[in-house]
Structure formats: structure tokens, C-alpha cells
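Input: a single structure, listed below in C-alpha cells.
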Amino acid sequence: MSGCDTSGLDVFFNAKSVAVYGASATPNSVGQAIIQNFIKPQYEGKVFGVNPKYRTVLGVDCYPTLQDIPDEVDLVIVAVPARITPRVFEDIAAKGVRAAIVISGGFSETGPRGAMLEDEIVRIGKEHGIRIIGPNCIGVVDTHTHIDTFFLPEYRCGRPKASSTANISLVSQSGAFAAAISDWTSELGIGVSKIISLGNKCDVDDDDLLCYLGNDPSTQVICFYTEGYDLGKGRTFFETARRVTQQKPVIVVKSGRSERAKEAASSHTGSLAGLDSIADAAYRQAGVIRATEFEEMFVMAKALAMQPPAKGDRVLIVTNGGGLGVMTTDALESLGLAVPHPSGELRARLEERLPSYCALGNPCDVVGDTDAGRYDVVFEEAIRSGEYDLFVVGMLLQTPSLGMEITNHIANYQKQSGLPFVVVSMGGSFTRKAGEILELMGVPTYSTGEKGALAAKALVRYGEIRYGNEFHRTVTSEKP
Amino acid sequence: MKTVKKIFKTALDEGRTFVLEDEAKRVMREYGIPVPPFAPAATEDEAVARANEIGYPVVLKILSKDIMHKSDAGGVKVNLNSDEEVRRAFQEIMENATQYGKEKGIDVDLSRGVIVTRFVEMGTETIVGVTKDPQFGHALMFGLGGIFVEVLKDVTFRLIPLTEIDAREMVYEIKAKKILEGIRGQPPRDIDALVEIMLTVSKMVEENPEIVEMDCNPTIVYEQGKGAVVVDARMVIESASSD
């Protein structure tokens, strides 16, 4: 049973003509904020207001109904009180528009009365082939087409940017989290393609977007925030995710535990299952990576967006600082990754080409007076040896001997080898600049060994998911 | 699998969603899941006859739609070695059940008597269970029995249907896995037999989605090559499959 229907979803992200139902001249109102988004020069389509009270709002033509608009409309954004939405939907149907985002609250989340209104708009939508996002949501941000229905002013809620290398998309049940993440990722240096707030999921749901984003060429990693699924919808998400995770990584942050299931249980198994462990099992089986919180999600998403998955779990740490090497080793091992020493043969080759005071184990410490050349030697020999599946590179730039060209060297070896690289670079503004440069070249860079290790873990876990039996595992007992 | 559907129909027709132990074991036997020899016995004389057929030592357990947790009601007598012990155990179980009913304020149905089963050798106790989650549907649980499940909650889940890889991952996922691998000079346990039971339970539930809860507790696993056996089974079904 496939639970997803992607028909008609494209227009939510590509509408060339948008109408805002409930456009308003009142400052700080939802109806005004949304109009404001669409009159920014980045949005290249047309925008109309609908509100019998006005002829224009912020210079945008305003009409009493959709049917009065002389042009075609691709997408309607509904920001009017819930009780009049059935009438609005009759108007949407009459105009022949096939997509609506209902921002308004006051529906099923408030009780039986609201639920009736929601049923009514769903009924009209079904009858006329109108896809609906919401209600009770903040809608959509698309960083390529600049469709932006977030009614939050940009000076308070920053909007993320698309990156030229790799982008994530995020689907959030919660509107508040969608906004916070928009704001946060605008400064995080992580490329974002789309953010979608689902609200009550009266039509478009997690399954639909999972399928859609799975086929979306501008999305490299799909992220979800969910509080739970409707009856049986966890199962359909599981079925869909099983397919999509073979194409691209899916990361989920899920809160909310199903305690009701626990109360109703009369067996041992049922009473133990209340602890969220079934969702956990489902994600694992479907190849979905579960993050405990958002920071973890973004650490992993950045690596997965920029780097190929690892074909095995053997990590080589190359560093110019001993302490960083030790901490990173601890973190990697506690995440169940292998940090094996180089073979005698590889070690001999390294010894031949590097100063005797380098510590040539794993971590491979090229020490504090290194230049980019010693890193080159390690990369070259280790890649040729085939003994490692992934590189974690410690790059401490406080020492003047290591020039900025190291960023080029790392990026080149990564590209040539096709092996995943993760860089750890601790420090202040100079270091951060180097990290930004590395990320422009597609190498994810982190401020601590622990974050770098988590990124490595994500690349290994996704490798396991993607390559199945061909994945080369050396650590047999993996900690959950 | 007509037999299985008939067993479930009988239970539902009697207004029960709780499947009695002998019924649950017949269902499992249909699927080839190993269970110790068993037979229901409504009277004391029948119990003795069944015990002799099965062979001593035996276990007697109450069979009543009113008693789901048999030990709590004093409804289990183990390691019985003679006709006389069986008779005494039968009487005690009936008395205990009546007493239990009085305390709970219910009129306990005693008409089905007991289930007589072979008293099996000790081995490593595990639990294989099934639950139905409202969001995700059927899932299978695995863990070691006793304190591992009761206190430490050292269990792991997978959605049904399971693949063999899933089942093997589950066995190696629990913290107490070393016990199955063999510690302190003990030989490793028969993990293949255990995996076979898990996969068969998965198949059974897939084909009979009306099963909403189940505990195979304990499922005793012997040393490698000597198999595994489901000693007690508790099963709950729902009236109409909602899938």
C-alpha cells in the first residue's frame, strides 16, 4: 500500500501567479506580511490580493473575489477566519485553482466544530481536485522560486539560501519550528531548498512530501520534524521511506510518545512498546536516520548533503593536533565506528616520506609544524592503500606553518578519491572563514571533534542503508 | 490455515478476544512453531490420563476465559511426577481459582479445567512478543526473559514482516546478547532455532492480522543444535481486522 500522492504538488513550489485571500492593509497582519513577501523583487511571478475592503494593498491589486481577478491564478494562500473558509473554497473551485495553502487556525486542532469546517474544505477540495497544505500552518518557503508564505518579517525570521553545492529540504508538522529553523539555517551556512510546514495535514501529508522530495532534483537530503502520525500513517510513511532512502538520505526528529498504546496493553510486549521503541524500530528498518534534536539533525544533514556515503566503517583521522585526534577517536569509537591502525606496509610508506617525529598511527598526527604537504602524503598513501572508507581531517589553523591552501588540497583529494571527507576545525574567525571556503568546495566542516564524528557516523550509517550487503563492516556490535 | 481461523472464530463467538493457552498453542503448532506436548483436561481423571500420555514430569495450568495471568491466580503447578501429584495439583488449582474469583468479585469459569503440558528442561529464557501500534501497525519484540525484560527492559523491536537479517540484528542488539553467545564456558545457544521462531511468528501475524497482542514467554533456547521451544503463549485478538 503506497500512501503517497504527489499529483499537483509542484505548483506549491513553482506557482507563477499567487492570490492572497485575506490580503490586508493593517500593519503586522498576516494578510499584509504575506503580500510583502511576494512583492520582493526575487519573486518573479504575479501576485493578487483578495479582500472586498480594499482596491489595493501595498500597491498590489485587490479584488472582492478570486473570480474577479482577470488573470489565471496557480496558488491561493488563505488567511481568513476559519468560519468563512468553506465560502473561500467555493470561490477557489469556481476559479479553477488547484492548490491552496490554508494558514488560518481554528480547525480540527480546536475541537469538533473546527473539525467540521476542516471536513468541509477537504470535501470541496476533493470534489474539485484542489490540493491543500494546512490548515493551521505557515506554509512554504522555496529558496529557488522565492515562493514564501511565512507571515514572519524577515528581520525577525531570516530565510535560508540555496547553496550551489547541495541542499536540504525540511518538512515540519510544527509551524513554530519551521520558522525557527528557517531563521537558524539562514545563518548556519547550510543550503536549503524548501521548508514546508504541514499543520493539520488535512490533505498533503508526510508521505506525499517524502515522495515528492525524493524526486526533487534540488533536494539532496530530506529532513522531517514530526510529533506523530495519524492512525496507520506511521506504517505508510515506513513503506514510502523504505523506497526513498534508497535514493537519498532521510533524517527524522520525532517527539511525542504513544502512551495510550501502553495503557491499553494487557501483554508484556504491549506495555514495553509504549517507550517510543516501535517508531525507532520502524525508522531503522526503513533506513531513516533518527536524530535526537535539531542540532544533531543539521550536523548530519550537512555531511549527507555534501558528501557521498561511506562504503565501510573504517575511519582514518589525520590531524595536526594530538588532543583533537584523541577526542575525535573517542567520539568515533563511542558511535560504533572503526579507527584501525594502518597496516605495516602503509606505515612503512608513510615513514619513508614523513619526518620521524610524526605519529603515524590512527590518529595519524602530522604535528604542529606541518604544512599542507604532509597532509598530501597521508591522503595519497592512505587512499592508494584502500585501507580506509572515510577521512576525518583535523585542521587547526592557529599555527602559521599551515597555509590556507590546505583547503584546496583537502577538497581536491576528496573529489579525486570519491571517498567521503569530514573536516574538524576548531577556532575563531580565521578558522571559520577557512571552514566557509571548504564548504563552498563541498567539504563539510565542524567546530568540534564530536560533531565531526557524528557527521562521519551519518555517512557510515547511510552507506549501510544504501549499499546493504556490499557495505564493509568491521565493527560487529554497534551501539544504538 | 482453516484450523487457525476456526480457533479464532470459536473464541470470538464465545465473546472472548483472549485466546486460551491450548488454543494459542494449537495455532502455533499449525505454523510449525515448537511447543512442548500438551492437551486440555476438564476433569481430574482426564488430567491423569493426559499426563500419562504425555509422560512425566508434567505441568498443570488453569484454562479459563476469566484468568489471563495464571500464576497470579495460583493456577500453575510445575514438575509433577506422579498421578497422585497431578490429582492434588488439579484440586488445588480449582480451589485457588475459585478463591481468586471471590477476591476479584468474579464468577470464574472452571468448566475447561486445565492444560497439561510436558515439564521442559531449563535453558535460556527469552521472550518473543507481538504488539499492534496504532501508528505503525504490528511489531515484533525480542528480549531475554526474567529480570532482563522485567527490570532492565532490555528488549528490541522490528515492524512485521521481519526479514532474516532483521531477526538476527535483533538477537545481537540486546545488551545481554553475550548470554546467548555463551559466557563462562557455556556453549552458545541455538540462535538459528530462535530466529526461525521469530520469523514464523512474523509470518503467522502477517497472515492473521487479527492477532493484536502476543507473548511467547518464556521461549526457552537450548544450546546450539538442540533447538528452542515456546513454553507459554498468551494471545489477544480483535474482532474485525481493521486493515
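A few points about this structure:
- Condition met for A:LYS233 (within 13 Å of another protein chain (Cβ to nearest Cβ), of a type outside the set (Ser, Thr, Tyr) and either within 19 Å of A:PHE298 (Cα to Cα) or touching a His at 6+ places or on another chain (Cβ under 9 Å) (or both)): no
- Candidates B:GLU181, B:GLU173, B:GLU121, B:GLU169, filtered to the one that is of a type in the set (D, E, K, R) and more than 12 Å from chain A (Cβ to nearest Cβ): B:GLU121
- Checking the stated criteria, B:ASP22 turns out not to satisfy the condition of being more than 27 Å from B:LYS226 (Cβ to Cβ) and either surrounded by 15 or more Cβ atoms within 10 Å (Cβ to Cβ) or of a type in the set (S, T, N, Q) (or both).
- Restricting region A:465-480 to residues that are assigned to a helix (DSSP H, G or I) and without any contact (Cβ under 8 Å) to a residue 12 or more places away in the chain, the residue that is surrounded by the most Cβ atoms within 10 Å (Cβ to Cβ): A:GLY468
- Within region B:132-166, tally of residues that are facing chain A (nearest Cβ under 7 Å) and of a type in the set (Asp, Glu): 2
- Residues that are in contact with a Lys or Arg (Cβ under 8 Å, 6 or more places away or on another chain) and outside any loop (DSSP other than H, G, I, E, B), drawn from region A:386-428: A:LEU390, A:VAL424
- Each residue in region A:418-459 was checked for being among the aromatic types (Phe, Trp, Tyr) and either within 24 Å of A:ILE383 (Cα to Cα) or buried (at least 24 other Cβ atoms within 10 Å of the Cβ) (or both), and 2 pass.
- Check on B:VAL108, at pLDDT 95 or above and among the β-branched types (Val, Ile, Thr): no
- Residue, farthest from A:MET395 (Cα to Cα), within region A:433-476, restricted to residues that are within 22 Å of the chain's Cα centre (by Cα) and of a type in the set (D, E, K, R): A:ARG466
- Boolean, A:SER271 is more than 17 Å from the chain's Cα centre (by Cα), surrounded by fewer than 23 Cβ atoms within 10 Å (Cβ to Cβ), facing chain B (nearest Cβ under 7 Å) and at pLDDT below 95: no
- From the list A:ALA178, A:ALA166, A:ALA162, the lone residue that is touching a Gly at 6+ places or on another chain (Cβ under 7 Å), buried (at least 21 other Cβ atoms within 10 Å of the Cβ), more than 14 Å from chain B (Cβ to nearest Cβ) and among the hydrophobic types (A, V, I, L, M, F, W, C) is A:ALA166.
- Residue match in region A:285-304 (condition: within 14 Å of another protein chain (Cβ to nearest Cβ) and without any contact (Cβ under 8 Å) to a residue 40 or more places away in the chain): yes
- Odd one out for A:GLY105 among (1) modelled with pLDDT of 95 or more; (2) within 35 Å of the chain's Cα centre (by Cα); (3) small (Gly, Ala, Ser): (1)
- Residue among A:VAL244, A:VAL252 that is more than 26 Å from A:LYS126 (Cα to Cα), more than 14 Å from chain B (Cβ to nearest Cβ), under 16 Å from the mean Cα position of the chain (by Cα) and at pLDDT 95 or above: A:VAL244
- Only one of the listed residues (A:LEU316, A:LEU346, A:LEU332) is surrounded by 23 or more Cβ atoms within 10 Å (Cβ to Cβ) and part of a helix (DSSP H, G or I). That residue is A:LEU332.
- Matching residues, region B:204-243, being more than 14 Å from chain A (Cβ to nearest Cβ) and surrounded by fewer than 16 Cβ atoms within 10 Å (Cβ to Cβ): B:GLU207, B:GLU223, B:GLN224, B:GLY225, B:LYS226, B:SER239, B:ALA240
- Residue within region B:124-145 that is at pLDDT below 90 and hydrophobic (A, V, I, L, M, F, W, C) present: no
- Only residues that are among the hydrophobic types (A, V, I, L, M, F, W, C) and over 18 Å from A:GLU72 (Cβ atoms) were counted in region A:90-120, giving 6.
- Residues considered: A:ASP203, A:ASP207, A:ASP183. Of these, the only one that is within 14 Å of another protein chain (Cβ to nearest Cβ) and either hydroxyl-bearing (Ser, Thr, Tyr) or touching a residue at least 24 places away in the same chain (Cβ under 8 Å) (or both) is A:ASP207.
- Entry remark, region A:448-480: residues being more than 13 Å from every other protein chain (Cβ to nearest Cβ) and either modelled with pLDDT of 95 or more or closer than 19 Å to A:TYR283 by Cα (or both) number 18 in total.
The values are calculated or read from the model by the stated rules, or taken from the named source; none is laboratory data. Keep in mind it's a predicted model, so treat the numbers as computed, not measured. Note that each Cβ is placed from the backbone with ideal geometry, even for glycine, and that neighbours are counted across all protein chains shown.
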